Amino acid sequence: MTDPEQLDPRKKAAIQQALGDARAAEAVALRFEDSYIRYIVLANAGGMAACLSFANGLLGSKASSTITLHALIGPMWLFLAGLISGALIVSLRRAQSTHTAEKRAREALKILKDAGHIVPNPPQVFSAIERKGLPALNIAINALGIIGQFAFLIGAVWGLVEIGCRS
């Protein structure tokens, strides 16, 4: 086994770079996890506000009784599709960041192992099936991003037109 101080500067720099990248990717994954939780809270708050406004309209409030629930069902489904797409994007980006962190950390361990050090072999974060799907994450994220943006746009326009026609 070699002394860690005797690693050549290129190997030390590669290890430091890989570990730094792994830490950065882990921090990104944690930020995405927090964003995912915010999405869930937003969805619950939005659903609660919608329920209260419809209940108010159904109970006879003159301001919102002209807008029926039936008129806004389509836009609400589109909004829900956009919200689900956004939450899935955040979840997939978290998985992608976690995968990047693991990959970079394993590169650092490989450099140390190649230099003759005894290094641990931690278990993989993702199962074999999940690892096969990891390369497709970018495609899924991009597709969901486009779906989510169009769902929000079409739902907002449709909802505003419905509200404008009924008012």
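The values are calculated or read from the model by the stated rules, or taken from the named source; none is laboratory data. What you see is a predicted model, and the numbers here were worked out from it, not measured in a lab. Cβ: placed from backbone, ideal geometry, glycine included. Neighbour counts: every protein chain shown. Only protein heavy atoms, including side chains, enter the accessible area calculation; ligands, DNA and RNA are left aside. Shrake-Rupley method; radii C 1.70, N 1.55, O 1.52, S 1.80 Å.
Among the residues of the range 113-123, not a single one is within 26 Å of the chain's Cα centre (by Cα) and crowded, with 18+ Cβ neighbours inside 10 Å.
Regarding residue 5, is this residue of a type in the set (D, E, K, R), modelled with pLDDT under 85, in contact with a Lys or Arg (Cβ under 7 Å, 6 or more places away or on another chain) and open to solvent by 40 Å² or more (accessible area, probe 1.4 Å)? When the stated conditions are applied, residue 5 does not pass them. Could you give me the residue pairs with C-beta distances under 8 Å whose first residue belongs to the range 139-152 and is within 13 Å of residue 87 (Cα to Cα) and free of Cβ contacts under 8 Å to residues at least 40 places away in the same chain, whose second residue is among the hydrophobic types (A, V, I, L, M, F, W, C) and open to solvent by 20 Å² or more (accessible area, probe 1.4 Å) wherever it lies, and which are 6+ apart or on separate chains? Matching pairs, first to second residue: none at all. The residues listed here are 156, 95, 143, 136; of these, the one that is assigned to a helix (DSSP H, G or I), open to solvent by less than 40 Å² (accessible area, probe 1.4 Å) and not charged (D, E, K, R) is 95.
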